[in-house]
Structures are given as structure tokens and as C-alpha cells.
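The values are calculated or read from the model by the stated rules, or taken from the named source; none is laboratory data. Computed from a predicted model, the values in this text were never measured in an experiment. Neighbour counts run over all protein chains shown; Cβ positions are idealised from the backbone, glycine included.
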Ligand code: CXA
Ligand code: CA
Ligand code: CA
Ligand code: CA
Ligand code: ZN
């Protein structure tokens, strides 16, 4: 991103725009409150000379490029009106969806349509439900896949979650892949059929629909991570993966500062989105027994399989004895072997407090993993790999996702302690 910004500045200098203070949308800090106020892309026609460019720049809008008398600008609605009052024709540029080159990704509307289509095509094994609404009022879809899907059978339940972090769009594709895998291969692939018959599979494809839509507004990326709730001091966004209620804000693994990328919010579960998923998970306690036994929370990027705890470097800690730690590490190793990721305790990456996996394990006893998906390094696209990698990089987690569902009956099997811990 830095390299791109430099290249663009050079282009601006070459175009004679040196006197403009052009804010490149790529460098506009995502935590700059001015920028956060719904800037969008516009095309301004009739931009022929230096004076035109300066008049437009003088409104506060950022000129991103000028080609054949048309300027592409990033502007707030007020700045766009100012340009119009100067007598220019202002056209709202692409305002919806991913940049054209990445159209293979699903924006929120496309994701919902895909889920509706799948539910309609497989009504006996799939239901599309809702966790409730995000801060901005978007429905947060919840998918259940199982035979006898309208019944609550006494079967191990598994949870796959995606997109706590707005810019990690590949994770939504991962969730959609799992929906297609379990529905389309049912009755065809015996392994999938067995899992759908003997498990209750929950998929949350979009934990952060507001952040995800904001990240692609105007058909360009904004490098946004958090949700879109006002955070104080004119800033927006709580880091959802620091807002969970176990050891919240305990250990310098998150920030109390509203502008921070890892702002944990004023209190645990202050974000509507974490509240929604928390309430759903708590609703899966039946007779005091949590039905969800295993979970993967998908993120990008770094190609890692991570397990609790994130808040401490100690391998064992309250609620995580030696057998539990060995089970996490062994199962994590098995999953990582299947996808080629690196397995490690989450805190060996860096300390995090208030993450979902710490909460799922410590308070609900769920064998919870974070997967950091493709790419392994920033030079392969970072948070924005091209849509051409979607098929391969989601299928890459087929085996790990199935293994997790299979081990959900008794994860202790991986250390040979099923008799002791899962008597029947
Ligand atoms: C992570 C996730 C869960 C527990 C510990 C660490 C990594 C994750 C994060 O910081 O929340 N990394 S990411 N996806 O780049 O934000
Ligand atoms: Ca069932
Ligand atoms: Ca059940
Ligand atoms: Ca069944
Ligand atoms: Zn993430």
C-alpha cells in the first residue's frame, strides 16, 4: 500500500498537481474521523486544466486521477455539492460492491442472495435464520445444516464463524464454500452425508456486515477492521475480536483508545454484533450443557491455526489444564497438517485479550480455533488477495473443516483419552 501511494504521488507531480493537497484514498487513515464520514467516489466532468483542478481541490475533495477531462475524486457529500455549485457535472461513481477486478467476492447483498438460493435448493437440510441485527441494522445471517433440520437433535454441534474483521473478505467466501460443500455434497459424498446426519452445523458467514460494506464503499478498499459503531472522539469502530467477555482488556492485548485498530470498546459485549453471537451461543446450552463442542473462527491472513489462550503466554492456565492444552495442540497440529498452515497457541503470535476463542473455551468449553487464512505473506495481496484465489484457498480448508466436525464428538480422542473424558 505504501508503494502504491508513492507511485500515485509521483503521477500527481508529473501531472502538475503538486500544489494540491490530494489525499490519496489509499493513505487516508481508516481512523481519521473526517474520512470516516462516508466519503465516496465521484467522477467530475469538464476538468480540462490546472485551474479546474485547483477549484475542485479547493473544496476539500481529493483528486485521485484525471483522465480525458474527467476527474475521479473522493469526496464527502458536502464536498461533492460544493463541486456541483462551481458548475461541474458530478457523477456518483460505482458505489456498490467490490472493485470491478474483485467482483468474484460476495458483498453483503450477494452473500444474502447466495444463502437464500442455497436454503431454497436444500430445504430439508438447510435453514437460513438470523442472529439479529448489526449496529447499522443489517441482518446477521445464521445457517443451520443438518438432517431433520427443523428439530434440535441430540448431536454434537459445530460452529464456523467468519468476518469479525471487516477487511478479511476471504472469510465470507470460506463460509459460503462450507454452505455449498455440506449442502451440495449431501447424499453424494458419504463422508459429508455422515456428518450432516450426525452433527448440527452452524455457520455465521458475516459477523461484521457493517464493517464489510464500509470497507468496499465507493468500489474501493478502505483497509477497515472494526465494526461501525461510534467509539467516541468522533471515531468509529470496536474491534469485535477484543470485545468478548473473558479477561476483557486484561493484559495489554487490546486498546482502551477509541481511535485504535484494536479498540476493545467501553465494556465487554458493548458491540451489538458480539452480543448477537454471544446470545446465540448461550442459547445452545440445553439443560446446562453447551451443545456446541467445536468451532473455527475464520480470519485472514498469515496461514495459521491458533488455539487458546490468547491473553497469556502460559500454555496452561485456569480452565486449561495439561490434558486440555495437549488436546488443543494435538488437534491444532492435525488440522494444520491438512491445510499446510502453521499451528501455534494464539499468544505466540501476540497477546490478545477479549477474543472469541478465549471466551468460547473458558466460559463454554468449546474447542475453539482461529484460522488465519491465505496469504502467508503480505506480498501476496495481504487482506485483499485477487478473487482468482478464492476457489483454491477455500477448498484448502475442506479437510480441516470436516476433521473438526468429526472430532466434535470427543476432541480428547486425539490424545487417546476418550474413555476418561467422554464416557458413554
Ligand atoms: C488472533 C485471533 C484470535 C486470537 C488471537 C489472535 C489473530 C487476529 C487478531 O488479532 O484478532 N489477527 S487478525 N485477523 O490479523 O486481526
Ligand atoms: Ca439433525
Ligand atoms: Ca442439538
Ligand atoms: Ca441426525
Ligand atoms: Zn481478523
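Observations on the model:
- Residue check, residue 195 within 16 Å of ligand 1 (Cβ to nearest atom), touching a helix residue (DSSP H, G or I) at 6+ places or on another chain (Cβ under 7 Å) and either more than 24 Å from residue 133 (Cβ to Cβ) or free of Cβ contacts under 8 Å to residues at least 24 places away in the same chain (or both): no
- Of the criteria (1) at pLDDT below 95; (2) within 16 Å of ligand 1 (Cβ to nearest atom), which one residue 423 fails: (2)
- Lone qualifier among 177, 214 - being under 22 Å from residue 261 (Cα atoms), more than 16 Å from ligand 2 (Cβ to nearest atom) and part of a helix (DSSP H, G or I): 214
- Residue check: residue 165 meets all listed conditions (1) closer than 21 Å to residue 280 by Cβ; (2) away from ligand 5 (no atom under 16 Å from the Cβ) but one, namely (2).
- Taken over the stretch 183-207, the residue count meeting the criterion of being in a helix (DSSP H, G or I) and within 16 Å of ligand 3 (Cβ to nearest atom) is 4.
- Considering the conditions (1) crowded, with 19+ Cβ neighbours inside 10 Å; (2) in a loop (DSSP other than H, G, I, E, B), residue 252 is excluded by exactly one of them, (1).
- Selection over the stretch 358-373 of residues that are surrounded by fewer than 23 Cβ atoms within 10 Å (Cβ to Cβ) and in contact with a helix residue (DSSP H, G or I) (Cβ under 7 Å, 6 or more places away or on another chain) gives a count of 1.
- Of all the criteria given as (1) touching a residue at least 24 places away in the same chain (Cβ under 8 Å); (2) away from ligand 4 (no atom under 16 Å from the Cβ); (3) over 23 Å from residue 208 (Cβ atoms), the one not satisfied by residue 288 is (1).
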